[in-house]
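Scroll down for the structure; my scribbles are underneath it.
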Amino acid sequence: MIGLVVSRAVGSAVVRTRVKRRLRALLADRIESVPPGVLLVVRANPAASAASSRALAADLDVVLPRVLRAVAAREHGEPTGLAAAGGER
């Protein structure tokens, strides 16, 4: 399951809806890479409102594999390496 968080800092309601729609479309193409039972939350930052779909896709293509590797490592009891990015607490 994938959730989206797009706060008011991203822009007006129209802008936030546009960002959510673009992210949903991009994530639909990548949903197959998320293992069953994994809960994923994608948080859009304010720069997402001005980013092109190509730039958003490139960012997802960098971040998603990294997060999925961390999920797999966590399942095997290995350190994830996400602490510096705020991924572990």
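Derivation of every value follows stated rules applied to the coordinates shown; laboratory data play no part. Predicted, not measured: the structure shown is a model, and the values here were computed from it. Cβ: placed from backbone, ideal geometry, glycine included. Neighbour counts: every protein chain shown.
A few notes on this one:
- Against the chain, whose longest principal axis is taken from its Cα atoms, helix 13-28 shows a tilt of about 40°.
- Placing unit charges on each Cβ (+1 for Lys and Arg, -1 for Asp and Glu) gives the stretch 2-79 a dipole about its Cα centre, and among V34, A44, V14 the Cα reaching farthest toward its positive end belongs to V14.
- Within the chain, helix-based [θ] at 222 nm, where runs of 4 or more DSSP H residues each add -39,500 (n - 2.57), nearest 500: -15000 deg cm²/dmol
- Assigned charges on the beta-carbon of Lys, Arg, Asp, Glu; the chain dipole about Cα centre (debye): 520 debye
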